[in-house]
1. May I ask you to sort Thr276, Thr46, Thr168 by Cβ crowding, counting other Cβ atoms within 10 Å and putting the fewest first?
2. In terms of the Cα gyration tensor, with a ≥ b ≥ c the square roots of its eigenvalues, is the stretch 108-207 rounded because a/c is under 1.5, prolate because a/b exceeds b/c, or oblate?
3. What lysines could a cross-link reach from Lys87, if we take a straight Cα to Cα line under 23 Å and drop same-chain neighbours fewer than 8 places away?
4. Would you list Val264, Val81 from fewest to most Cβ contacts within 10 Å?
5. Which value in deg cm²/dmol, rounded to the nearest 500, describes the helix-derived mean residue ellipticity at 222 nm for the chain, given -39,500 (n - 2.57) per DSSP H run of n ≥ 4 and division by the residue count?
6. Given [x] 39; [y] 32; [z] 18 as candidate values of percent of Cα pairs over 32 Å apart, which corresponds to the one derived from the coordinates?
7. Work out, step by step, the length gained on full extension between Ala270 and Thr240: first 0.36 nm times the residue separation, then minus their alpha carbon distance; give nm to one decimal.
8. For the peptides 113-120, 99-106, what is the packing order when you average, over each peptide's residues, the other Cβ atoms within 10 Å and list the highest mean first?
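Please treat every number below as a calculation from the coordinates, not as lab data. Worth saying up front: this structure is predicted, and the values here are computed from it rather than measured. Glycine gets a Cβ as well: all are built from the backbone with ideal geometry, and neighbour counts include every protein chain shown.
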Amino acid sequence: MKKIIIVGCSVSGHTAAVNLKNKSDKFEVSIITEENYPFYDRRKLTELISGNINEEKELFVCEEEFYRKSNINFLKDSAVVSANISKKQLSLKDKQASLNFDYLVVASGQKPVVPEIPGSRKTGVFSFYSLQDAKDITAYFIDEQICLVGLNDVSLHLSEALAAKYQTGVKIISEVAPSQAQALPVGVEVIQSKPQEIIGEGQVQAVKLYSGKIIAASAVIFTDSRQANVGFLKNCGIETIDSRLAVDDLMRTSNKDIFACGSVASRRDAFQAEKTWEDCLNDGINLAENLIKITGD
């Protein structure tokens, strides 16, 4: 029985695993995720912050029991730190044993990037991508104005949720002015500049901009920069495009036994814009079909 390891319990990773088990009984399928949760709907994270969703379990698309019943090995809270491609092995953080695979599927999504500016490690500085990020933000005491860095769909939805929850002003710091199509939520203002320093004694109190302006803030949330979460493949010689793994029509990387899907993957022969949830879902479906065809099942 061929061993398939899927790194990442993202929409593409979860979908690939489920489709592989539904359409074939000749694979041993494992999902490894560095998060502590089963597959959840990342699109609803702002609803958890706003209070429209009261409990995190309302985000879950399935419970852990689902994987056991589906005969899928589910390893949570397990970060993959390195890969030995020639031996087809993965090493996990804080674990002695390595995991062997016949085929590896990388569906680990993206990770936010917080710039290394003075003060960026202070208490009250957050990124926003995962359920844990959302929980960290809601657990933090916010009593004054909030600053978001980056103008995009994520920051617009997040700013609306924060303004509704905390009844305080929200500033979005962006080098780009909002377009006519980007309607700003009530209580949200865009300031055209770039953060130079985060000010505060131990925790955030203000943001200094390159324009020289200083904005009071009780929290700063970065939403403007992400990169593919593929650090464990460093030095493995796998081709990348703008940090994402380059794949062919079959979603195979430059290594014939390693595949990639979702926001971590980019087609070699076509311009790839930021993938939507639906794009990533379809990636998972297509990858499962491709693997079944390739292995002759």
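1. Numbers: Thr276 11, Thr46 22, Thr168 15.
Fewest-to-most ranking of Thr276, Thr46, Thr168: Thr276, Thr168, Thr46.
2. Values: a/c = 1.26, a/b = 1.23, b/c = 1.02.
It comes out rounded by the Cα gyration axes.
3. Hits, sequence-local ones excluded: Lys2, Lys3, Lys26, Lys95, Lys234, Lys256.
4. On the way: Val264 30, Val81 15.
Ranked by crowding around the Cβ, least crowded first: Val81, Val264.
5. On the way: 6 runs with 66 residues, N = 297.
Taking each H run of at least 4 residues, the total per residue is -6500 deg cm²/dmol.
6. Looking at percent of Cα pairs over 32 Å apart for this model, the match is [y].
7. Numbers: separation 30, 0.36 × 30 = 10.80 nm, distance 1.37 nm.
Working it through step by step, the gained length comes to 9.4 nm.
8. 99-106, 113-120
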